[in-house]
Structures are given as C-alpha cells and as structure tokens.
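Here the structure comes first, spelled out in structure tokens, and everything after it is commentary.
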Amino acid sequence: MGEKVCCCHAVTGAAVVGCGQLIILMMMLSGSGLILHNYDAWQGQTTTIIPTTVANMTIDAIETRWSVGLMKITLAWSCGFCAVWFLSLLILCLSFKYYRPVFVIPNFVALIVAILATLLIGGVLIGRICDVQRPYQTDQLGEVVIVYFIAFLVFAFIFLCVCLFFVAQYHKYLKEHSGLVVPLNGRRLEEKAWE
C-alpha cells in the first residue's frame, strides 16, 4: 500500500527527485552567484542610449538603488539557503540506508522553503527588470541574464512542487515499512524494518 507512485516504486521516485533537487540546487546557486558577482561590472559597461526629447517626460533608464539592493540581498539569501538545502539532501541520503522517516523531514521542509524562495527571488528579479521603462529593461547584459534566470526559476518552481509530492509519498512509505516505536499496552514495542 503506497509503494507505487506514478508507476514507479516510492524509493526509486525519491532517489530520482533527490538527484533532480541536487541539479536544481546547483543551477540556482550558480545563477545567483553569477548575477551577484558580475552585476556591477555589467552595469558599468557603456551602452548606446538614444536621447529622447519629449516635453514634460522623464526617462527612467537607470534602476533605483532600492531595487538593486533588494535584488542583491535576496540572491545572497538564495546562496545561503542552497547550503542548508544541500545539507538536507545529505540527510535524505541516510534514509536510503537506515529506512527511517525522520531523515526525510529536513528535505521536506527545505523543499517547502525552496518553493517559497523561488517565488520570492523571481518576484524580486521581475521587480528589478520593471524598475526602468520598457525600452531600457534589457539594454544591458545583466538584465538579459536576469530574464533567463527568471525563466529557470519558473521551471524550478514546477519541478520542486513535483519533488514535494514524491518526497511526501516516500515519507509515507517509510512510515509503513520502517522500524517505528509504537506504544502498546503501556509499553513501547519496536517493529522490524523489513520482514
């Protein structure tokens, strides 16, 4: 009961989504680090901006320091969270050896936070792109990289929701098949993990 999830074994599904989480984690970490490290250099490059002479009109071609500051601190939080997420994956690996559902809980929590983090990072990056007027939103290399990273975050959000489902099913499977301490007539009886 609960051993098959989407035509595959619960343990196999958990192993596959664990590997997928590692790939998404590394891509999120490298993307965040790339933008953080190179953003100022990209913005320092000169680009050709056509002057506009329209009366009573202000041209917002430069982003505000508030949006840039929020973007940088959010990406820094992303890098820090990826380290915690990686640790939760290492703890998840212990569940494949010891078959204890408690080893799945940190990764389950990390996945929930990762889903919220992708929404937060994506929203902050969209806010940074929309901080300037439309003709100037992608006139620098930094903005183009940010747009591609936003597209990756959309994919990551969908994939992490799928991962959350499989990890929840794996936790349920381990609760049914692992050694659990169950109260029985005032005493605690330990079931065998694999019979």
ask   = At what distance in nm do the modelled label points of E176 and T138 sit from each other, each positioned 7 Å from its Cα along Cα→Cβ?
value = 4.7
note = Check: C-alpha center region 129-156 vs C-alpha center region 72-98, spacing in Å is 26
key: In Hz, Karplus ³J(HN,Hα) per residue of region 116-125 (6.51, -1.76, 1.60; θ = phi - 60°; x = Gly, Pro)   = 5, 5, 5, 5, 5, 5, x, x, 5, 5
ask   = Where in region 85-115 does the amide nitrogen come within less than 18 Å of the point 7 Å from the Cα of W77, taken along Cα to Cβ?
value = 85-86, 109-115
note = Once normalised by the length of region 66-176, the mean sequence separation of its alpha carbon contacts under 8 Å that are 6 or more apart gives a contact order in percent of 33
note = Final fewest-first order of D40, D131 on the 10 Å Cβ neighbour count is D40, D131
query = Quick one: M27, M71, fewest Cβ neighbours within 10 Å first, how do they rank?
reply = M27, M71
task = Sticking with the crude label model, points 7 Å out along Cα→Cβ, report the distance from C161 to H37 in nm, one decimal please.
result = 3.3
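Taken together, the values in this text are just the output of simple stated rules run on the coordinates, not laboratory data. Note that this is a predicted model, so its numbers are computed, not measured. A quick note on method: Cβ atoms are made from the backbone with ideal geometry, for glycine too, and the neighbour counts reach across all protein chains shown.
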